[in-house]
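The values are calculated or read from the model by the stated rules, or taken from the named source; none is laboratory data. Worth saying up front: this structure is predicted, and the values here are computed from it rather than measured. Counting neighbours? That spans all protein chains shown, and the Cβs are built from the backbone with ideal geometry, glycine included. Calculation scope for accessible area: heavy atoms of the full protein, side chains included, ligands and nucleic acids excluded. Shrake-Rupley method; radii C 1.70, N 1.55, O 1.52, S 1.80 Å.
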Amino acid sequence: YLEGRYKGYDSTCGKKNGMTKEYSLWSGMLQRCYTDYQKSGRNLTYVDCTVSENFKNFQFFAEWCQSQIGFGLKSWHLDKVILAKGNKTYSEDSCVFVPSELNVLFNEKKKQRGEFPIGVARSSKPNYEYSSACNHNGKQVWLGYHRTVESAFLKYKEFKESVVKGAAIKWKDQIDPRAYQALMNYQVEVTD
């Protein structure tokens, strides 16, 4: 059955002590979803994540990879949330390959956030109870002090959405058109 449908992708392709890129991606995806990595809570991004039935089949996954924009490019990653915000399932309909610059835009760090919306923290400055900041290009960008949680969040939202749209424009001609469209439509929600 598989021989007629797939090319017969190998996990090592003759490599000594190494795996093919397809196999490395496939096994990493399964480990994040179905091992103690997920259950440990070290990275809340992968809690409750699953893999579609098609993607559980290595031959299907490897063939899918071969047809994707960006597969095999250095520092490009398999992403499951750009096309569908909050997505928890790796599948052929929800995944794309994107450069690491785009992939890290959506690291929410929920475990570190605390009680406030994304981008908001309590301030110690008199007359201003809150502050906002956003990680961008590996650095934290200070967005100011605010009197309310709402105004702090709105400042974060405005900045983050402009960063995402700017990155989409930068990579427009190199990424999957579906990813470009999703990035251009991206909106930060208070529940993120």
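Before moving on, here are some points about what is shown:
- Here's how it looks for Gln68: its modeled amide H is under 5 Å from none belonging to a residue 5 or more places away or on a different chain.
- Between Tyr34 and Leu73, the contour length at 0.36 nm per residue exceeds the alpha carbon distance by 11.4 nm.
- Full-extension gain in nm, Asp173 to Gln140, via 0.36 nm per residue minus C-alpha separation: 9.1 nm
- Using all pairs of distinct alpha-carbon atoms, the Kirkwood hydrodynamic radius of segment 42-187 works out to 16.8 angstrom.
- Residue order for Lys155, Lys170, Lys74 - accessible surface, 1.4 angstrom probe, largest first: Lys74, Lys170, Lys155
- In the assembled protein chains, Arg122 presents an accessible area of approximately 130 Å² (probe radius 1.4 Å).
- One decimal place: the segment Lys56-Glu115 gains 17.6 nm when fully extended, by the rule 0.36 nm per residue minus the C-alpha distance.
- For segment 95-192, applying the loop criterion from DSSP together with a ceiling of 10 other beta carbons within 10 Å to the GluC sites (Glu not before Pro) yields Glu115.
- Theoretical FRET efficiency, 1/(1+(r/R0)^6), r = Cβ-Cβ of Val190 and Gln66, R0 41 Å, to 0.05: 0.55
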